[in-house]
Amino acid sequence: MSESEPWYAGFDVVDFESTPMSELPEDDGFHLICPVEGCDHEADFDDLPAVADSGWSEMSRKDHILTDGTTLKEAYCPAHSLDETETTASESIEEDFEQFISELQDGLGEPLDARESPQKPDRAKAEYAMYDFAEGEVTLDGSLLTCGHDSCYQQEEVDAPEDAEGVGWVSGQMVGILSDGQMLFEGRCPEHRE
C-alpha cells in the first residue's frame, strides 16, 4: 500500500453519503487486517468475544463498514500481537472494551441545562436507593429492568435491553450500571406498558 492510499484500500466500503438508509447492510461481525507492513493476515469474527478469544490484539478504534455488513478494523495478527508489555490479545480486547464503556459513560455527560435544574440524576432518586451502583470498573453482565410506573416494584432480568420486548416489557432509559455488572433500565412491565 502506498502512503497516498487509505488504510482500507482494496476493500469495498459503504459510502454513507450516497447510500440510502434502507440499503445499508446489516451488522455482520468484524473483518480484521494486520497493519504491519508486508503482513497479509486477515480474519473474520462474529463478535467481540470471538476476537478476544483469538490471537488478535490491539484492535483499532477506526473502522469502515464493508458492503457485506462486516466492520473493517485494524488489529495485530497472532504473529504480531505481543507488544513490549506482553499483553495478550484477550487482555487487550477486554481493556479496549472497558475503555470504550468508560468513554461511552463519560460521553453521555449531563444535560446542558443541568446546572440550572434542581432535578437529581436518576440514580440518586429515592426509588433507586435500594440498588448498589458501581463506583469503579465492572464486567458487564446483562440488564435489569425495573417498572417505573408509580408504586410498581416488578423487575425482570434480560441479557440485553432489546430482549425486553420478548418477555412483554418495554425498555426505557438507562439509569446506571450496578456493582454486579448489570445495566439498570427503567422500563414498563407487561401490566403498565400503556
Exercise. Given (1) in a strand (DSSP E or B); (2) farther than 20 Å from GLN99 by Cα; (3) not acidic (Asp, Glu), where does LEU32 come up short, assuming only one miss?
Worked result: (2)
For this session: Answer with yes or no whether ASP53 is open to solvent by 60 Å² or more (accessible area, probe 1.4 Å) and either free of Cβ contacts under 8 Å to residues at least 24 places away in the same chain or of a type in the set (A, V, I, L, M) (or both).
Result: no
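Please work out which residue is farthest from ASP68 (Cα to Cα), limiting yourself to the range 7-29 and to residues that are of a type outside the set (A, V, I, L, M, F, W, C) and outside any loop (DSSP other than H, G, I, E, B). Break it down stepwise before answering.
First, the residues of the range 7-29 that are of a type outside the set (A, V, I, L, M, F, W, C): 8, 10, 12, 15, 17-20, 22-23, 25-29.
Then drop every residue that is not outside any loop (DSSP other than H, G, I, E, B), which leaves 22-23.
Details: SER22: 14, GLU23: 11 Å.
Ranking the candidates gives SER22 first.
How many residues are crowded, with 16+ Cβ neighbours inside 10 Å, within 24 Å of GLU98 (Cβ to Cβ) and of a type outside the set (Gly, Ala, Ser) if we restrict to the range 153-194?
Counting residues in the range 153-194 that are crowded, with 16+ Cβ neighbours inside 10 Å, within 24 Å of GLU98 (Cβ to Cβ) and of a type outside the set (Gly, Ala, Ser) gives 11.
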Exercise. If we scan the range 65-78, do we find a residue that is open to solvent by less than 70 Å² (accessible area, probe 1.4 Å), of a type in the set (Asp, Glu) and either outside the structural domain of THR19 (by the TED database) or in contact with a Lys or Arg (Cβ under 8 Å, 6 or more places away or on another chain) (or both)?
Worked result: yes
Exercise. Do you know which of the residues in the range 135-152 that are hydrophobic (A, V, I, L, M, F, W, C) and closer than 14 Å to MET174 by Cα is surrounded by the most Cβ atoms within 10 Å (Cβ to Cβ)?
Worked result: LEU145
Exercise. Inside the range 138-194, can you point out the residues that are in contact (Cβ under 8 Å) with a residue 40 or more places away in the chain and polar (S, T, N, Q)?
Worked result: THR139, SER143, THR146, GLN173, SER179, GLN182
Exercise. Looking at (1) modelled with pLDDT of 85 or more; (2) exposed (fewer than 11 other Cβ atoms within 10 Å of the Cβ); (3) over 24 Å from SER57 (Cα atoms), which is the only condition VAL14 fails?
Worked result: (2)
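The values are calculated or read from the model by the stated rules, or taken from the named source; none is laboratory data. Everything quoted here is computed from the prediction, not taken from an experiment. As a convention, Cβ positions derive from the backbone with ideal geometry for all residues, glycine included, and neighbour counts pool all protein chains shown. These accessible areas exclude ligands, DNA and RNA; they are computed on the full protein's heavy atoms, side chains included. Shrake-Rupley method; radii C 1.70, N 1.55, O 1.52, S 1.80 Å.
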